[in-house]
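For reference, the structure is listed below as structure tokens.
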Amino acid sequence: MPETKSKGKIMMNFCNRIGRKAGAGLLLLGTALGYGTANAAQSIMITVTKGFGVSLYATELGDAKQIAVGDQGTLFVGSRKSGTITALVDSNNDGRVDRRYLVAKDLSYPEALAFHNGDLYAALDDRIVVFNNIEQRLKRPSRPKEIYDRLPGKGNKSTRGIKFGPDGRLYISISAPCNVCEPVAPFGSIIALDVGSGESQQIATGIRQVVGFDWNPVNNKLWFADSSRDWMGDNIPPDEINRVDASGEHFGFPYMHGKSIKEPAYDKPKNLIIEPPVFELPAHVAPTGLLFYDGSQFPAEYQHQMLVAENGSWNRSSKVGYQVVLLKMEGDKVVSRSTLVSFLDGEFPVARPYSLALAPDGSVYISDDLKGNIYRLFYKGNSADEADE
């Protein structure tokens with residue numbers, strides 16, 4: 001397929017408008033975005049933790065969902081609504097996209113992507129396909145090859161996430177197709193797939209809506225973020241951060257939400273053992289991305305710590321989420337939660353962060369499914385005089 005250039009010139013001119021918030025350690029930043037001559041520059045307010053900066057990496061990507069980074073640094077972006085997969089290339093390593101390629105179009109919900117051993121995997125409505133040797137074929141991608149055809153789909157839509165684990169298997173989250181129900185397997189579960197043999201194993205069940213998951217690099221334990229049900233009020237039930245200690249564990253849905261909120265519509269089976277969440281997030285923040293940071297750019301205190309993208313609330317009288325948070329870890333415990341970057345300007349969401357991926361230079365890519373942008377979170381040091389990108 002032919003190469004296409006990014007439209008227009010993207011300008012990210014940050015200025016410290018009011019300095020550091022007292023007691024908050026945050027910078028309130030104004031951003032001028034240029035989307036070519038058709039759109040006038042607009043000012044948006046983004047709050048970033050001191051020492052960090054945010055730049056706009058790419059635009060016009062539909063509802064940018066899950067992202068994956070190739071061995072050569074290519075960023076792949078899946079869009080559910082537009083049915084496309086796009087490849088973004090920063091050929092001169094300046095933190096801005098130089099070239100973009102359309103890998104595939106007219107796909108059925110290609111929102112979940114994973115990269116492994118030179119190949120790009122995509123979870124579609126009811127199957128998983130692979131684009132072999134993709135970074136060598138960006139101008140003329142090969143037709144995708146089907147490797148798994150047993151995902152539930154064809155009208156029963158559910159949110160998916162995929163990522164390769166330390167054991168080389170492809171892990172797939174298959175969320176429940178409802179607000180609250182007793183889902184029929186494999187809905188409401190995480191499975192692990194051997195892409196060579198096609199054999200699969202159930203890793204976790206009793207999940208509701210899981211997109212973001214990752215492995216703690218210290219001990220290779222799997223962690224995942226789960227969004228709890230809606231329509232129980234502004235402040236309940238809490239969203240969850242969970243850890244898998246043994247394959248087949250049940251994490252509560254639909255019988256229990258958070259550690260203590262019982263579901264009124266369904267009684268828990270008598271002998272069912274439920275694993276409570278390790279950490280409760282505020283209700284309706286909608287955690288959709290989870291990444292253990294192991295890059296080389298952020299300070300040492302961020303190593304092996306958990307970053308979570310909170311996509312933001314809709315079923316609430318006032319907005320929460322719309323941010324990337326740091327969950328500080330001590331062993332297998334989460335001891336604190338703090339904001340790294342917020343895209344919520346009062347009640348106005350500038351972006352809805354969806355997925356997180358580590359860039360080759362140690363910065364972090366953030367997909368935005370509200371406006372179809374990719375942002376780049378980078379560390380620039382503690383000097384107040386140092387220029388942003």
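Take each of the peptides 282-292, 253-263, 86-96, 59-69, average the number of other beta-carbon atoms within 10 Å over its residues, and list them starting from the highest.
282-292, 59-69, 253-263, 86-96
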For the full complex of protein chains and a 1.4 angstrom probe, list 325, 195 by accessible area with the highest value first. 195, 325
Could you give each residue of region 70-76 its phi-based ³J(HN,Hα) in whole Hz, using Karplus coefficients 6.51, -1.76, 1.60 with θ = phi - 60°, and x for Gly or Pro? x, 4, 9, x, 5, 9, 9
Here the relative contact order (percent) of the chain, from C-alpha pairs under 8 Å and at least 6 apart, is 15
Can you tell me the accessible area per residue over the chain, all protein chains present, probe 1.4 angstrom, in square angstrom? 42
From the backbone phi of region 281-294, what are the Karplus-calculated ³J(HN,Hα) couplings (6.51 cos²θ - 1.76 cosθ + 1.60, θ = phi - 60°) in whole Hz, Gly and Pro given as x? 8, x, 4, 6, 6, 6, x, 10, x, 9, 8, 7, 7, 9
Backbone N under 11 Å from the residue 347 label point (7 Å along Cα→Cβ), restricted to region 300-334: 317-319
Amide H within-cut-off set for residue 112, under 5 Å, with H built and near neighbours excluded: 123
Within the accessible area of region 47-379 (1.4 Å probe), percent carbon and sulfur: 45
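Given a 1.4 Å probe and heavy atoms of the protein chains only, how would you sort 330, 275, largest accessible area at the top?
Values: 330 115, 275 55 Å².
Largest to smallest exposure gives the sequence 330, 275.
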From the residues 159, 220, 210, which one has its Cα farthest along the dipole of the chain in the positive direction, the dipole being from +1 and -1 charges on Cβ of Lys/Arg and Asp/Glu about the Cα centre? 159
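Could you tell me the calculated FRET efficiency between residue 93 and residue 301, based on Cβ-Cβ distance and R0 = 25 angstrom, to the nearest 0.05? Walk me through the numbers on the way to the answer.
Details: r = 26 Å, r/R0 = 1.04.
The computed FRET efficiency comes out at 0.45.
The values are calculated or read from the model by the stated rules, or taken from the named source; none is laboratory data. Bear in mind that the values here come from a model prediction, so they are computed numbers and not experimental data. In this analysis, Cβ positions are derived from the backbone assuming ideal geometry, glycine residues included, and neighbour counts consider all displayed protein chains. All accessible areas refer to the heavy atoms of the entire protein, side chains included, with ligands and DNA or RNA removed. Shrake-Rupley method; radii C 1.70, N 1.55, O 1.52, S 1.80 Å.
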